[in-house]
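Participant: Have a look at the structure that comes next, please.
The values are calculated or read from the model by the stated rules, or taken from the named source; none is laboratory data. A quick note: this is a predicted structure, and the numbers were derived from the prediction, not measured. As a convention, Cβ positions derive from the backbone with ideal geometry for all residues, glycine included, and neighbour counts pool all protein chains shown. Calculation scope for accessible area: heavy atoms of the full protein, side chains included, ligands and nucleic acids excluded. Shrake-Rupley method; radii C 1.70, N 1.55, O 1.52, S 1.80 Å.
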Amino acid sequence: MHYKLGNLISMLALTALAALLWPGQAFSQGNRPPENEATLAEGKVIYFDRCVYCHGELGDGNGPAADFLDPRPRDLTMGMFKIRTTESGQLPRDIDLFNAVSRGLSGTAMPRWELTLSEDQRWKVVYFIKTFTPEFADPDFNPENFVVKASSPIPFSEDSAAKGREIFLKAKCWECHGKQGRGDGQKSDTLQDGWGFKLRVRNLTRGWSLKGGNRPEDIFYRFSTGVDGTPMPSFIKTLSEEERWHLANYISALASDKESEGVVIKAASMEGDLPENADDPAWDSAPVLKVPLTGQVLAQPRWQNISVDMVEARALYNGQDIAVLVVWDDPFKDTVHDESQEIKEFQTTYVKAFGDIPRKPNVFRDSVALQFPVKMRDGARKPHFFRGETSDPVNMWVWKSDLQEQGVNSAEEFNAKGFQKPLALQPGESQQVKGMGTWKDGQWRVVLTRSLKNEDSRNDVQFEPGRLIPIAFNVWDGSNGEHGLIMSLSDWRFIALEASIPGSLYLWTIVVMLMVGLAEWWFVRYSRNKRKEI
Amino acid sequence: MSFPSMQFKTLSVLVSLLLAGALSTAPAMASYTEGAVSNGGSLKGSVKLSGSGANANIKVTKDQAACGDSVSNDTLVVGKGNTLANVIVEIQGISKGKKWDLPAKFTYDQKKCAFAPHVMIIRPKAEVEVKNSDSVKHNVHTISKGVFNVNKTVAPGKSLKVKKNKIKKSGTVKVVCDLHSWMGGWWIVAENPYIAMTDASGNFEIKDIPPGKYKVRLWQEKLGEQIQEVEIKGGAAATLNASMAAK
């Protein structure tokens, strides 16, 4: 317990420091241990205790977990590091390595070691990591001589961000990152990293997945230094420092948060027909709930290299129907599904990052599923968030891009009684959900519509105003090889239909206020009269 | 975590690493000593392609104004009689011999959205100036196993200068431009001066070789590598005619 408290305090202190200072000096160097044989030996022990499983005994990034990770663990022997404050192709500074170890790398398996290791331990492991690359000992490669200058930061302003947008277009950042920054600029998925592995262009709107951090001062370094080992070049020769600060401000403004407050999708009530189309302005009146997703790692085949890690959901309803809009980013539109390429049996319980499944466009469909319990209960009891249970089934509304492409209704209704059993498709007459999806600029927007209530309460969810109805999400990105149980999923959230406030309620409020007023007036009069009597 | 509490497994891994570290050879910075070669021999020959592998031009998909409508595909250059150009021929394991006959400075150009020359032999510690002779921006992106890595955008008319001490190891450096996906070139950083590249008719020659038995490595970017053995006799010319199989 003591141990945890200590960690928490040091973590808070470090976070506070990091927020105050530039990344180059984000951590005080006061507690930095000396770099000598003794500290190297200690660093080695930490490495073999913590890092070896991914980065390998030889530091070549070939640890036992490596095959399951995308991006693959860094090969520490090549002196090539992505997140630095030094020029392209140069070694990282000690502080760069220390920051990467401490903060972890968002969007990868590299954890935030500041939560587990002390500052002293992290420095020691950095010293040991440097021994894998002989160039660290060569004065010609001393990274301190190649630090990218960040001398005059431009504070964030709308004006600066607007200039940054111009530079984003001029420097053709959108050719890879997409016009809206969703990583959808490339028409094909041919980009590779320096090791020959397929590489996904970073979605700049997902601030939490920017590896080096999402503050302007972090982003500034990414296109100034380039991201070594990837096609992301350094723009230090083609953009001035001022231009790069504007660009950093623009990109930091693109980046959003992963979660919104609360766990309830508040369905907004509206008069007239619900919008069938995802672009209808009527959706603007419905509040958005962001729902984070994770890889499906509960049942074999387990999958952790998901591409969709958040959906935005909102809902509208009228007297008869409810419509749910689900929005998520996906750089490639996949509208076919080749069942023969589905993988039925796996050798390992986790799916390997490369080789096990076809991770390329036009093999599997993109798809989303909404999941609701069938039985409504008043207490906290809910079915298991992963496909329910035998005694507590779930109702699933599954939208499929390939069905839409074929011009048929793109939504199907299923029931599930646990992940061990295949989804049961409901018979034709029970298929009542309508689906409609559109893909634009690296984003799917899908609307699923059904009547609030129907006759099939044994298999279907029933909506009634004022009730919290559990809802969960499954998403498949076809070009990421996802199909079957290889998918991303959320745990339970809730959807609530705002109970509309009857007009009589306002009237009663006024009546009660008047009555209270009258009573008080009478009481005051009464007590004054009494006093006079005395 | 202290030593006594370490598990046996961790310890054994540690020990094995220490052993591996002691046994492994030093990084590929094989030093080469220059000196006089008396009574050296030479190696001549030609390389052919077995099978067929003619390359169609690559259609240019963007920036046509600067790049033209198509560029030649130089990943496999086949001449008359199936001769192969741009094959690297290097004699391995010579640590002492003739003086470097490669210059200390090189120019590598980007012209009409192609690298020129397509394959270039350089020596360790060489200076390289990578020019951009086009009217569009390029990014000079090198991919190598720790030999030399850079990825910088270069504006039209500007150049990227690689300083003297940046390339120290010998090895293969692939150069790409991610803005124009068809662009690709190679720098071969020589281990010793006994290296050559086949010309347009597939011929090569290496001179002043100290007599002895050697392994010769042939390398072509698409066909991979091949190791041959040769014996060089003093004052004589040995011949090596090889063929590489189409893939």
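Participant: Out of all the residues in the stretch A:316-331, is one or more part of a loop (DSSP other than H, G, I, E, B), in contact (Cβ under 8 Å) with a residue 24 or more places away in the chain, among the hydrophobic types (A, V, I, L, M, F, W, C) and surrounded by 15 or more Cβ atoms within 10 Å (Cβ to Cβ)?
Facilitator: Checked against the condition, which is being part of a loop (DSSP other than H, G, I, E, B), in contact (Cβ under 8 Å) with a residue 24 or more places away in the chain, among the hydrophobic types (A, V, I, L, M, F, W, C) and surrounded by 15 or more Cβ atoms within 10 Å (Cβ to Cβ), the stretch A:316-331 yields no hits at all.
Participant: Looking at this structure, is residue A:510 among the β-branched types (Val, Ile, Thr), exposed (fewer than 10 other Cβ atoms within 10 Å of the Cβ), modelled with pLDDT under 90 and under 46 Å from the mean Cα position of the chain (by Cα)?
Facilitator: no
Participant: So, one more: When you go through A:195, A:208 one by one, which is the residue that is outside any loop (DSSP other than H, G, I, E, B) and either surrounded by fewer than 22 Cβ atoms within 10 Å (Cβ to Cβ) or more than 14 Å from chain B (Cβ to nearest Cβ) (or both)?
Facilitator: Of A:195, A:208, the one residue that is outside any loop (DSSP other than H, G, I, E, B) and either surrounded by fewer than 22 Cβ atoms within 10 Å (Cβ to Cβ) or more than 14 Å from chain B (Cβ to nearest Cβ) (or both) is A:208.
Participant: So, one more: Might you let me know whether the stretch A:131-139 holds any residue that is at pLDDT 95 or above and away from chain B (no Cβ under 14 Å)?
Facilitator: Checked against the condition, which is being at pLDDT 95 or above and away from chain B (no Cβ under 14 Å), the stretch A:131-139 yields no hits at all.
Participant: Further question: Among the residues of the stretch A:447-467, is any open to solvent by less than 60 Å² (accessible area, probe 1.4 Å), among the small types (Gly, Ala, Ser), outside any loop (DSSP other than H, G, I, E, B) and closer than 24 Å to residue A:409 by Cα?
Facilitator: Scanning the stretch A:447-467, I find at least one residue that is open to solvent by less than 60 Å² (accessible area, probe 1.4 Å), among the small types (Gly, Ala, Ser), outside any loop (DSSP other than H, G, I, E, B) and closer than 24 Å to residue A:409 by Cα, so the answer is yes.
Participant: Would you be able to say whether some residue in the stretch A:223-232 is more than 14 Å from chain B (Cβ to nearest Cβ) and either closer than 16 Å to residue A:84 by Cα or assigned to a loop (DSSP other than H, G, I, E, B) (or both)?
Facilitator: Scanning the stretch A:223-232, I find no residue that is more than 14 Å from chain B (Cβ to nearest Cβ) and either closer than 16 Å to residue A:84 by Cα or assigned to a loop (DSSP other than H, G, I, E, B) (or both), so the answer is no.
Participant: Let me ask you something else. Test residue A:243 against the stated conditions and say whether it is at pLDDT 95 or above and within 14 Å of another protein chain (Cβ to nearest Cβ).
Facilitator: In short, yes.
So that you can scan it fast, the table gives a plain yes or no per residue for (1) surrounded by fewer than 21 Cβ atoms within 10 Å (Cβ to Cβ); (2) more than 14 Å from chain A (Cβ to nearest Cβ):
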site	(1), (2)
B:99	yes, yes
B:122	no, yes
B:127	yes, no
B:139	no, no
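Participant: Being closer than 13 Å to residue B:43 by Cα and open to solvent by 50 Å² or more (accessible area, probe 1.4 Å) is the filter here; which residues of the stretch B:214-238 pass it?
Facilitator: Listed by number, the residues that qualify are B:215, B:228, B:229, B:231, B:233, B:235, B:237.
Participant: Pairs, please: C-beta under 8 Å, at least 6 apart or cross-chain, first residue free of Cβ contacts under 8 Å to residues at least 40 places away in the same chain and in the stretch A:100-119, second assigned to a helix (DSSP H, G or I) and hydroxyl-bearing (Ser, Thr, Tyr)?
Facilitator: Listed pairs, sorted by first residue: A:112/A:102.
Participant: Continuing with the same structure: Inside the stretch A:251-266, can you point out the residues that are in a strand (DSSP E or B) and modelled with pLDDT under 90?
Facilitator: The answer is A:256, and nothing else.
Participant: What are the residue pairs meeting all of these: first residue in the stretch A:515-526, first residue basic (Lys, Arg), second residue in a helix (DSSP H, G or I), Cβ atoms under 6 Å, and 6 or more apart or on different chains?
Facilitator: Final answer for the pair search is none.
Participant: Okay, next question. Quick test for you: out of B:135, B:170, pick the one residue that is closer than 21 Å to residue B:122 by Cα and more than 8 Å from chain A (Cβ to nearest Cβ).
Facilitator: It is B:170.
Participant: Taking the criterion of being charged (D, E, K, R), open to solvent by 30 Å² or more (accessible area, probe 1.4 Å), away from chain A (no Cβ under 14 Å) and closer than 18 Å to residue B:187 by Cα, would at least one residue in the stretch B:111-118 satisfy it? Talk me through it step by step, then tell me what you get.
Facilitator: Initial filter on the stretch B:111-118 (charged (D, E, K, R)): B:111-112.
Filter once more, so that each one left must be open to solvent by 30 Å² or more (accessible area, probe 1.4 Å): B:111-112.
When the remaining residues are screened for being away from chain A (no Cβ under 14 Å), the result is B:111-112.
Applying the additional criterion that residues be closer than 18 Å to residue B:187 by Cα yields B:111.
Scanning the stretch B:111-118, I find at least one residue that is charged (D, E, K, R), open to solvent by 30 Å² or more (accessible area, probe 1.4 Å), away from chain A (no Cβ under 14 Å) and closer than 18 Å to residue B:187 by Cα, so the answer is yes.
Participant: Can I ask one more? Within the stretch A:487-503, can one find any residue that is open to solvent by 30 Å² or more (accessible area, probe 1.4 Å) and assigned to a helix (DSSP H, G or I)?
Facilitator: Taking every residue of the stretch A:487-503 in turn, at least one turns out to be open to solvent by 30 Å² or more (accessible area, probe 1.4 Å) and assigned to a helix (DSSP H, G or I).
Participant: So is residue A:159 within 14 Å of another protein chain (Cβ to nearest Cβ), among the acidic types (Asp, Glu) and surrounded by fewer than 21 Cβ atoms within 10 Å (Cβ to Cβ) or not?
Facilitator: Details: within 14 Å of another protein chain (Cβ to nearest Cβ): no; among the acidic types (Asp, Glu): yes; surrounded by fewer than 21 Cβ atoms within 10 Å (Cβ to Cβ): yes.
Answer is no for this residue.
Participant: Scanning for something within 18 Å of residue A:221 (Cβ to Cβ) and open to solvent by 40 Å² or more (accessible area, probe 1.4 Å), does the stretch A:53-71 turn up at least one residue?
Facilitator: Just the residues of the stretch A:53-71 that are within 18 Å of residue A:221 (Cβ to Cβ), to begin with: none.
Within the stretch A:53-71, not a single residue is within 18 Å of residue A:221 (Cβ to Cβ) and open to solvent by 40 Å² or more (accessible area, probe 1.4 Å).
Residue-wise test of (1) touching a Gly at 6+ places or on another chain (Cβ under 7 Å); (2) assigned to a helix (DSSP H, G or I); (3) of a type in the set (S, T, N, Q).
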{"residue": "A:135", "(1), (2), (3)": "yes, yes, no"}
{"residue": "A:145", "(1), (2), (3)": "no, yes, yes"}
{"residue": "A:151", "(1), (2), (3)": "no, no, yes"}
{"residue": "A:154", "(1), (2), (3)": "no, no, no"}
{"residue": "A:160", "(1), (2), (3)": "no, yes, yes"}
{"residue": "A:169", "(1), (2), (3)": "no, yes, no"}
{"residue": "A:172", "(1), (2), (3)": "no, no, no"}
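Participant: In the stretch A:246-268, what residues are of a type outside the set (A, V, I, L, M) and open to solvent by less than 10 Å² (accessible area, probe 1.4 Å)?
Facilitator: Correct list: A:249 only.
Participant: Give the number of residues within the stretch A:110-129 that are within 14 Å of another protein chain (Cβ to nearest Cβ) and either touching a Phe, Trp or Tyr at 6+ places or on another chain (Cβ under 9 Å) or part of a helix (DSSP H, G or I) (or both). Before you say what the answer is, go through the steps one by one.
Facilitator: Step one: of the stretch A:110-129, the residues within 14 Å of another protein chain (Cβ to nearest Cβ) are A:113, A:116-118, A:120-122, A:124-125, A:128-129.
Next cut, either touching a Phe, Trp or Tyr at 6+ places or on another chain (Cβ under 9 Å) or part of a helix (DSSP H, G or I) (or both) only: A:113, A:120-122, A:124-125, A:128-129.
Selection size over the stretch A:110-129: 8.
Participant: Go through (1) more than 14 Å from chain A (Cβ to nearest Cβ); (2) modelled with pLDDT under 95; (3) over 16 Å from the mean Cα position of the chain (by Cα) for residue B:213 and report which single condition fails.
Facilitator: Unmet condition: (2).
Participant: Let me ask something additional. Which of the residues belonging to the stretch B:42-78 are at pLDDT 90 or above, small (Gly, Ala, Ser) and over 23 Å from the mean Cα position of the chain (by Cα)?
Facilitator: Across the stretch B:42-78, the qualifying residues are B:65, B:66, B:68, B:70.
Participant: Starting from the stretch A:49-73, take each residue that is farther than 16 Å from residue A:133 by Cα and within 14 Å of another protein chain (Cβ to nearest Cβ) and list its partners that are open to solvent by 20 Å² or more (accessible area, probe 1.4 Å) and of a type in the set (Ser, Thr, Tyr), counting only C-beta distances under 7 angstrom and pairs at least six apart or across chains.
Facilitator: Here the result reads A:49/B:10; A:63/A:53; A:64/A:53, each pair linking the stretch A:49-73 to a residue that is open to solvent by 20 Å² or more (accessible area, probe 1.4 Å) and of a type in the set (Ser, Thr, Tyr).
Participant: Is the stretch A:154-165 home to any residue that is touching a Ser or Thr at 6+ places or on another chain (Cβ under 6 Å), in contact (Cβ under 8 Å) with a residue 40 or more places away in the chain and among the hydrophobic types (A, V, I, L, M, F, W, C)?
Facilitator: Within the stretch A:154-165, the subset touching a Ser or Thr at 6+ places or on another chain (Cβ under 6 Å) is A:154.
Still in the list and also in contact (Cβ under 8 Å) with a residue 40 or more places away in the chain: A:154.
Still in the running and among the hydrophobic types (A, V, I, L, M, F, W, C): A:154.
Checked the stretch A:154-165: at least one residue is touching a Ser or Thr at 6+ places or on another chain (Cβ under 6 Å), in contact (Cβ under 8 Å) with a residue 40 or more places away in the chain and among the hydrophobic types (A, V, I, L, M, F, W, C).
Participant: Further question on the same structure: Which residues, counting only those in the stretch A:162-176, are open to solvent by 30 Å² or more (accessible area, probe 1.4 Å) and either within 14 Å of chain B (Cβ to nearest Cβ) or touching a helix residue (DSSP H, G or I) at 6+ places or on another chain (Cβ under 6 Å) (or both)?
Facilitator: Once the filter is applied, which keeps residues that are open to solvent by 30 Å² or more (accessible area, probe 1.4 Å) and either within 14 Å of chain B (Cβ to nearest Cβ) or touching a helix residue (DSSP H, G or I) at 6+ places or on another chain (Cβ under 6 Å) (or both), the stretch A:162-176 yields A:163, A:165, A:169, A:170, A:172, A:174, A:175, A:176.
Participant: Here is a further query. Please state which of the following conditions residue A:248 fails to meet, knowing it meets all the rest: (1) of a type outside the set (Val, Ile, Thr); (2) in a helix (DSSP H, G or I); (3) modelled with pLDDT under 95.
Facilitator: So residue A:248 meets the others, but not (3).
Participant: Pick from A:147, A:201, A:126: which is under 20 Å from residue A:106 (Cα atoms), β-branched (Val, Ile, Thr), open to solvent by 20 Å² or more (accessible area, probe 1.4 Å) and in contact (Cβ under 8 Å) with a residue 24 or more places away in the chain?
Facilitator: A:201
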